[in-house]
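Structure first, then comments.
Computed from the coordinates by the stated procedures, all read-outs in this text should not be read as laboratory data. Quick caveat: nothing in here was measured; it's all calculated off a predicted structure. Glycine gets a Cβ as well: all are built from the backbone with ideal geometry, and neighbour counts include every protein chain shown.
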Amino acid sequence: MQDASKAANASPEKSALLEAVFTMGKRLGVHCHDALRSVDVAEVNVVASIRLPSGRLVVDTPWPEDRPGRELAERLPPGTYNVEASWVEAPYEFMGESFDGRECAAVRLLVRDEPVAVWEMALGVDDDIEQLISGHEIGFQTDTAMGAFADACSWQALTEPFRQFWERSEQLPGVAFDRETEEVRSGEFEKVTHHASQADLLAFPANEGVTAVWIGRTAASQVATITVAPYLSWLA
């Protein structure tokens, strides 16, 4: 019988990429649709900090759906955490024009400033590790290409700006509305603060479909980082 815990561990190749994607200047490989397009890490920076007063973390799309946010089974010490992002460039030409192919490749919640010894998929509170199949990735699902880190206890309040935007857009299609969120890095990220609970949400770019969430653990099995790296699925 397969060891269920091993099914949740990243492969050596995936582990190497999860490390490399936050290493400035690192060449990650080539784009899956163009073997001549090399993908290089162009920037790594902290984009914001978020407060998790409960220590319970949701990593999911902030857009309204008929289900609660995907809360991770892992608990973190309550506190304020930096969120770091990585950008890659994969230059290409299209119809005679040159483009830098710059994309946000990955984001991570920094928990401890210690090296990662093991990468594993982050299970949700409702996930059953015994049902995992080796090589199969689990995570959150979205058709809006957006994910978020947020405190689980304030999830409903923190996602309210997205819910209101959705409802207004459905009621008045074609009318442009502003979202009651704070733009971070020219709108590439969005932040919501719930003052009553002193909790925050940070929305970030993700893939459509399932986006895996990874836990990087130290040699002592403590959580060093919670990482989402959607761009890695575009590598050959």
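Over the C-alpha atoms of segment 1-123, the Rg to Rh ratio, Rh being the Kirkwood estimate, stands at 1.03. Sorting 185-192, 205-212 by average packing, meaning the other beta carbons within 10 Å per residue, from highest down gives 205-212, 185-192. Ordering L158, I129, Q198 by the projection of their Cα atoms onto the charge dipole of segment 74-202, which places +1 on the Cβ of Lys and Arg and -1 on the Cβ of Asp and Glu, puts Q198 at the extreme positive end. How would you classify segment 174-215 from its alpha-carbon gyration tensor, with a ≥ b ≥ c the square roots of the eigenvalues: rounded for a/c under 1.5, else prolate if a/b is greater than b/c, otherwise oblate? Oblate shape, in that a/c is at least 1.5 and b/c is the bigger or equal ratio. Rounded to 0.05, the FRET efficiency of the E114 and C32 pair, given R0 = 41 Å and the Cβ-Cβ distance, is 0.80.
The M24 and D143 beta-carbon pair, evaluated with R₀ = 35 Å, returns a calculated FRET efficiency of approximately 0.60.
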